[in-house]
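Presented below is the structure to which this report refers.
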Amino acid sequence: MRLASLFSALALGLAACGPTQTTTAPAPTVPAVYQARVDAGPDGNAIDIPAVRAAYLTDRNRRQRVAYNGPDAPGTIVVDPYARVLYDVMENGEAMRFGVAVGRAGTGFEGSGVISVKRRWPNWTPTQNMIRTSPELYAQFAGGVAGGADNPLGSRALYLYRNGRDTYYRIHGTMDPSSIGKATSAGCIRMFQQDVIDLFDKTDLGTRVKVRSPQESLALEGRMVETPEGYVVPTDAPIVAQTQPTAGDVVTTTTTVSVSPVESAVR
């Protein structure tokens, strides 16, 4: 019996010294539409567009085909700055939904307009009002910033007009993909480079754009709450932690994000 007990103890000891098996969770995959691309720049030379990091592709940031309950006709682009999404309205009650970065509280545009200008790798120039009110930030860019990989408008821009006049409201790409889903710009709508390229290619001049009001957003999207990371989610969505909503139905909390003066200044 003593030998049997000894052999059992030795067997357990050897098993404990044997190699242990560990499992590693697979790395998140980046969908094909968000993989790296090569695009022709403004001078015809190739510009590399990096893949979007998987960490930025949250459920609300990834483009996806969804049911659409708004009143807008197919072919309309609908921007909801409060839910931080853009809809490309399709037939049969559906839409392609994209995550976007939006303007900080108190900036932006509301109502309807049309896309009257489309530009690939556009130039950017601050307005005279921007230079006058914040010369320490914008005076250095008074001569404009040429289109290219470092331009805050990114790879494409759609220019919104109303009654034949430029509203200075743009739907455009960004050199800061980490901002998508957050409120960090001065008023325009930013998209991942890959998303704005594909939207640009299928959007015709004259396309109607509707930018929702807070009341319209509340009625169609429901109440939103901002997460500690600076994203917004519906109030019934589970999150690890959340900020307390302010008085009223639309969250106005903003998150401080470090971006260049040019990027934060785009109107």
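Within region 141-173, take every residue that is over 30 Å from Ala51 (Cα atoms) and surrounded by 13 or more Cβ atoms within 10 Å (Cβ to Cβ) and give me the one that is modelled with the lowest pLDDT. Applying the filter and picking the extreme gives Thr167. Checking region 101-109 against the condition returns no match, with no residue being without any contact (Cβ under 8 Å) to a residue 40 or more places away in the chain and among the polar types (S, T, N, Q). Residue count for region 108-133, restricted to those that are at pLDDT 85 or above, part of a loop (DSSP other than H, G, I, E, B) and over 21 Å from Asp80 (Cα atoms): 4.
A single member of Asp195, Asp176 is within 11 Å of the chain's Cα centre (by Cα) and either surrounded by fewer than 21 Cβ atoms within 10 Å (Cβ to Cβ) or over 25 Å from Pro126 (Cα atoms) (or both), and it is Asp176. For Asn92, all conditions in the list (1) buried (at least 20 other Cβ atoms within 10 Å of the Cβ); (2) without any contact (Cβ under 8 Å) to a residue 12 or more places away in the chain hold save one; what is the number of the exception? Answer for Asn92: the failing condition is (1). Name the residues in region 68-89 that are in contact with a strand residue (DSSP E or B) (Cβ under 6 Å, 6 or more places away or on another chain), assigned to a strand (DSSP E or B) and in contact (Cβ under 8 Å) with a residue 24 or more places away in the chain, would you? Ile77, Val78, Val79, Val85, Leu86, Asp88, listed by residue number.
For region 179-190, the candidate set comprises residues that are at pLDDT below 90 and among the small types (Gly, Ala, Ser); within that set, the residue that is surrounded by the fewest Cβ atoms within 10 Å (Cβ to Cβ) is Ala186.
Considering the conditions (1) modelled with pLDDT under 95; (2) exposed (fewer than 13 other Cβ atoms within 10 Å of the Cβ), Pro42 is excluded by exactly one of them, (2). Of the residues making up region 115-133, those that are without any contact (Cβ under 8 Å) to a residue 40 or more places away in the chain and surrounded by 13 or more Cβ atoms within 10 Å (Cβ to Cβ) number 3.
The values are calculated or read from the model by the stated rules, or taken from the named source; none is laboratory data. Computed from a predicted model, the values in this text were never measured in an experiment. We place every Cβ from the backbone using ideal geometry, glycine too, and count neighbours over all the protein chains shown.
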